[in-house]
Amino acid sequence: METKEMICILCPLGCKMQVQEKPGKPGELRVRGQQCKLGNEYAYDEFTNPTRTVTSTVVIHNAPLPRLPVKTDKPIPKEMVSPAVDEIAKVEVNGPVKIGTVIIKDLLGTDANVVATRSL
């Protein structure tokens, strides 16, 4: 029976939790250490389908700064973060760019877009 240690990030308490699947009950979790109901939700999501929002920068030409900050507009599967960062690193854009502009559509088939987080 696998036990995962995690720290909940949904509220300022930062509860240290232990999460494990209940024996003989796939998909049902036993969560210990949470101090609010958000901990249960976070533990389930993190245990069954961990996702992350990716933040990075891309090269921008014809702008006052050399790099444009970007992020995914929704979280992507955790195992896709490294390939996503590699893909984002290949991109160069020309200024001007407005905040919210889609820089990469449907990043690696994740249905997440990479958007500018600053106007340059």
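Given 20 °C and 1.002 mPa s, compute D for the chain with the Stokes-Einstein relation, Rh being the Kirkwood radius over Cα pairs; round to the nearest whole µm²/s.
131
Treat each spin label as a single point 7 Å out from the Cα along the C-beta direction, and report the Glu87 to Glu41 distance in nm.
A separation of 2.8 nm, rounded to one decimal place.
Where a Cα-Cα gap under 21 Å defines reach, which lysines qualify for Lys71, not counting those fewer than 8 residues away within the same chain?
Straight-line reach from Lys71, under 21 Å: Lys90, Lys98, Lys105.
Add +1 for every Lys or Arg and -1 for every Asp or Glu among the other residues with Cβ under 14 Å from the Cβ of Val31, and state the total.
Taking every other residue near Val31 into account, the sum is 0.
Taking only the alpha-carbon positions of region 3-49 and ignoring solvent, what does the Debye formula give for the base-10 log of I(q)/I(0) at q = 0.20, 0.23, 0.29 Å⁻¹?
Values returned for q = 0.20, 0.23, 0.29 Å⁻¹ are -0.55, -0.71, -1.07.
In nm, what is the difference between 0.36 nm times the number of residues separating Val102 and Thr48 and their Cα-Cα distance?
Numbers: separation 54, 0.36 × 54 = 19.44 nm, distance 2.94 nm.
Gain on extension, Val102 to Thr48, equals 16.5 nm.
For q = 0.25 Å⁻¹, what log10 I(q)/I(0) does region 55-116 give under the Debye formula with an equal point scatterer on each alpha carbon and no solvent?
-1.02
Would you kindly compute the Cα radius of gyration of region 23-88 and its largest Cα-Cα separation (Dmax), both in Å?
Rg and Dmax of region 23-88, Cα atoms, are 17.9, 60 Å.
For a protection proxy built on the mean count of beta-carbon atoms within 10 angstrom, sort 13-20, 91-98, 38-45 highest first, please.
Per-residue Cβ counts within 10 Å, averaged per peptide and sorted highest first, yield 38-45, 13-20, 91-98.
Roughly how many debye, to the nearest 20, is the charge dipole of the chain about its Cα centre, given +1 on each Lys and Arg Cβ, -1 on each Asp and Glu Cβ, and no other charges?
Numbers: 16 positive and 14 negative charges, 73 e Å.
Dipole magnitude for the chain comes out near 340 debye.
Can you work out the Karplus-derived ³J(HN,Hα) for every residue in region 64-74? Use 6.51 cos²θ - 1.76 cosθ + 1.60 with θ = phi - 60°, whole Hz, and x for glycine or proline.
x, 10, x, 10, 10, x, 9, 7, 6, 7, 7
Dipole of region 1-58 (Lys/Arg Cβ +1, Asp/Glu Cβ -1, origin at the Cα centre): which of Leu10, Val54, Val31 lies farthest to the positive side?
Of Leu10, Val54, Val31, it is Val31.
Between Lys22 and Lys74, how high is the FRET efficiency from 1/(1 + (r/R0)^6) when r is the Cβ-Cβ distance and R₀ = 30 Å? Nearest 0.05. Mind showing how you got there, number by number?
On the way: r = 30 Å, r/R0 = 1.01.
Taking R0 as 30 Å, the efficiency between Lys22 and Lys74 is 0.50.
Provide Ile7, Ile103, Ile60 in ascending order of the number of other Cβ atoms located within 10 Å of each residue's Cβ, fewest first.
In increasing order of surrounding Cβ atoms, one gets Ile7, Ile103, Ile60.
Any read-out appearing in this document is the output of simple, stated calculations on the displayed coordinates, not a laboratory observation. Treat the numbers as computed from the prediction; the structure is a model and nothing was measured. When we count neighbours, we look across all protein chains shown, and the Cβ atoms used for this are built from the backbone with ideal geometry, even at glycine.
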